[in-house]
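Before any comments, here is the structure.
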Amino acid sequence: MNQVDLRLLAEERIKDAKALLDGQRWSFAYYAAGYAVECGLKSCVLARMIYTGWVFQEKWKAQECLTHEFNELIRLADLRTELTSAHAANQGFVTRWAKVARWDVTTRYQHRTQAEAEELYEAVTNDPDGVCGSIAGGKQC
């Protein structure tokens, strides 16, 4: 899987989340929205590898990239500065990021309510300060 594939997968998962919301399938809609963020962050990790060559400059373990944890993916993609800037500049983003940051891969085993699923979807997709557009400064990785 390459960077473009992961970006497209993120876009497909957010569409899946919307379809699941429309079908009142709250728990998996919640999971799919968070999974879209994970795929987007992994696309950013690959972008960093491609554009900076950091894999040849730093000691790293490829196994680190197999994580589902957003904070680790942000570190690997070197997006901490962008995340900090988004927090400082935009209270709407702060609120939305707090909702997204609660997601983890184990949510696929948990019951989620309609409100939780709709809040996460909105936190990811809101224009202009949803997580998808804000984390990388509005640019695609």
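The values are calculated or read from the model by the stated rules, or taken from the named source; none is laboratory data. Here the structure is a predicted model, which is why all the values come from computation and not from measurement. Here the Cβ positions follow ideal geometry from the backbone for every residue, glycine too, while neighbour counts run over all protein chains shown.
Would you kindly identify the helices (runs of 4 or more DSSP H) lying entirely within region 12-111 that contain at least 2 residues that are surrounded by 12 or more Cβ atoms within 10 Å (Cβ to Cβ) and in contact (Cβ under 8 Å) with a residue 24 or more places away in the chain?
26-52, 70-76, 80-89, 91-101
In the list Thr106, Thr84, Thr52, Thr67, which residue meets the criterion of being within 24 Å of Asp129 (Cβ to Cβ) and β-branched (Val, Ile, Thr)?
Values: Thr106 fails: within 24 Å of Asp129 (Cβ to Cβ); Thr52 fails: within 24 Å of Asp129 (Cβ to Cβ); Thr67 fails: within 24 Å of Asp129 (Cβ to Cβ).
Just a single option satisfies the conditions, and that option is Thr84.
Being closer than 17 Å to Arg108 by Cβ and among the acidic types (Asp, Glu) is the filter; apply it to region 15-56 and report the residue that is nearest to the chain's Cα centre (by Cα).
Glu38
Going through Val94, Val100 one at a time, which residue ends up being modelled with pLDDT of 90 or more and out of contact with any Phe, Trp or Tyr (no Cβ under 6 Å at 6 or more places or on another chain)?
Criteria check complete, one pass: Val100.
Here is a list of conditions, (1) of a type outside the set (Lys, Arg); (2) within 20 Å of Glu118 (Cα to Cα); (3) over 14 Å from the mean Cα position of the chain (by Cα), and Phe93 meets all of them except one; can you say which number that is?
(3)
Residues in region 109-128: is at least one out of contact with any Phe, Trp or Tyr (no Cβ under 9 Å at 6 or more places or on another chain), modelled with pLDDT of 90 or more and basic (Lys, Arg)?
Taking every residue of region 109-128 in turn, none turns out to be out of contact with any Phe, Trp or Tyr (no Cβ under 9 Å at 6 or more places or on another chain), modelled with pLDDT of 90 or more and basic (Lys, Arg).
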